[in-house]
Amino acid sequence: MNFHPKLAFAALLAGSAFVASPAMAQDYPAKPISIVVPFGPGSGTDQSARVLAQALGGQFKAPIVIENKAGASGFIAAQYVAKAAPDGYTLLMTTNTTQSANEHLFKKLPYDPVKDFTPISLLSKGQMLLLVRPDAPYKSVADLLSAARKSPGKLAFASGSSSSRVASELLQQMAKVEMLNVPYKSNPLGLTDLIGGQVDFMFADAPTALPLVQGGKLRALAASGNKRLPVMPDLPTVNEAGLKGYDVSYWTAVYAPAGTPPVIVDRLNKWFASASGTEESKAFAAKANSETTLSTPEGLAQFQATESKKWGEIIRAAGIQPE
């Protein structure tokens, strides 16, 4: 599937064709709202969802419930929300993994990233850290790549999301080395095995990785984006470490099932914008070194179409063949 902005807008309009009754709109939300996260507890997306849920809960009496449905590269969570009633009570807070990357990583998806969802809002953008154990002999990206060249196919990297996997795949493709991918249901699980010595390195989102680096359990060799992290100004980017042009970042956004009424989508868009502006949300973003980036539903549809094209190019450049 190759997406185009016009198709994204068409899907958005088609998915919003049902119009809510005045009573339904007035009463919403009248029961708990579930925010489904396609990654495990402790992941960056999970942490962000919980902070936003707390802020959202302060705007109305209905509770917000976080449901972690990790595994299968986000398929489980995406399918679950795609099949849910389009009434605003089941939402998907996800990343480029399910909405822009998976279509290029798999020959067939059990859900359609455009047609099965109604965009609500882009939420944030962030980057990952390249991590090794503190006792590992690699003090820099150059050290890691040198070891990989000496022992082709021996160094193993964990991947807990499409972003995590693509970051490592692109690293080996650009450096012309051969390494082994070990997939996990979520980044926290991969980090546990990295700390335990089952794998040699990993790219993980900053919110998940930073506490482990700051606590001395892991060492960061580089940041994956095109600029250094403010919280770690001395840490180089992979680009600065020698792989010119390297840049892999991720984003988070929130979606509802296709067919969710426009009046509810508009209300959710405003609520998430308000929740993102609370002091607690701002503090989390600063701590996680993520950039709050909000949008209209139409803006998210456009952004997703552009990102799908971008991730397709990155995945092809990394030499990854669809599974």
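The values are calculated or read from the model by the stated rules, or taken from the named source; none is laboratory data. Given the structure is predicted, the values throughout are model-derived calculations rather than measurements. Methodologically, a virtual Cβ is constructed for each residue, glycine included, from the backbone with ideal geometry; neighbour enumeration extends over all protein chains shown. What goes into the accessible areas is simple: the full protein's heavy atoms, side chains included, and nothing from ligands, DNA or RNA. Shrake-Rupley method; radii C 1.70, N 1.55, O 1.52, S 1.80 Å.
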So in the stretch 68-79, with the set limited to residues that are modelled with pLDDT of 90 or more and touching a helix residue (DSSP H, G or I) at 6+ places or on another chain (Cβ under 8 Å), which one is farthest from Lys185 (Cα to Cα)?
Ala78
Identify all residues within the stretch 301-314 that are modelled with pLDDT of 90 or more, out of contact with any Asp or Glu (no Cβ under 8 Å at 6 or more places or on another chain) and open to solvent by less than 50 Å² (accessible area, probe 1.4 Å); write none if there are none.
Ala301, Phe303, Gln304, Ala305, Glu307, Trp311
Would you call Arg165 touching a Ser or Thr at 6+ places or on another chain (Cβ under 8 Å) and open to solvent by 10 Å² or more (accessible area, probe 1.4 Å)?
yes
Among what's in the stretch 98-138 and is touching a strand residue (DSSP E or B) at 6+ places or on another chain (Cβ under 6 Å), among the hydroxyl-bearing types (Ser, Thr, Tyr) and not in a loop (DSSP other than H, G, I, E, B), pick the residue that is farthest from Ala286 (Cα to Cα).
Thr118
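Quick check on this structure: which one of Lys227, Lys185, Lys154 is within 16 Å of the chain's Cα centre (by Cα), basic (Lys, Arg) and part of a loop (DSSP other than H, G, I, E, B)?
After applying the criteria, what remains is Lys185.
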Per the filter on the stretch 38-63, residues surrounded by 15 or more Cβ atoms within 10 Å (Cβ to Cβ), over 20 Å from Ala283 (Cα atoms) and either among the β-branched types (Val, Ile, Thr) or out of contact with any helix residue (DSSP H, G or I) (no Cβ under 6 Å at 6 or more places or on another chain) (or both) are Ala62
For residues that are farther than 25 Å from Pro236 by Cβ and open to solvent by less than 20 Å² (accessible area, probe 1.4 Å), tally how many sit in the stretch 119-155.
5
Every residue in the stretch 73-94 that is closer than 17 Å to Ser163 by Cα, open to solvent by 10 Å² or more (accessible area, probe 1.4 Å) and in contact (Cβ under 8 Å) with a residue 40 or more places away in the chain, please.
Ser73
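Here's the yes/no breakdown for (1) among the hydroxyl-bearing types (Ser, Thr, Tyr); (2) in contact with a Leu (Cβ under 6 Å, 6 or more places away or on another chain); (3) open to solvent by 40 Å² or more (accessible area, probe 1.4 Å):
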| position | (1), (2), (3) |
| --- | --- |
| Pro207 | no, no, no |
| Leu218 | no, yes, no |
| Val238 | no, no, no |
| Lys244 | no, no, yes |
| Thr252 | yes, yes, no |
| Gly277 | no, no, no |
| Lys287 | no, no, yes |
Selected residue [closer than 23 Å to Gly126 by Cα and aliphatic (A, V, I, L, M)] from Leu191, Leu180, Leu155
Leu191
From the option list Asp116, Asp112, single residue qualifying as crowded, with 19+ Cβ neighbours inside 10 Å and touching a residue at least 12 places away in the same chain (Cβ under 8 Å) is Asp116
Cβ-Cβ under 7 Å, sequence separation 6+ or interchain: first residue in the stretch 197-210 and more than 21 Å from Ser140 (Cβ to Cβ) and in contact (Cβ under 8 Å) with a residue 12 or more places away in the chain, partner outside any helix (DSSP H, G or I) and open to solvent by 20 Å² or more (accessible area, probe 1.4 Å). Which pairs?
Asp205/Tyr250; Pro207/Ser290; Thr208/Gly42
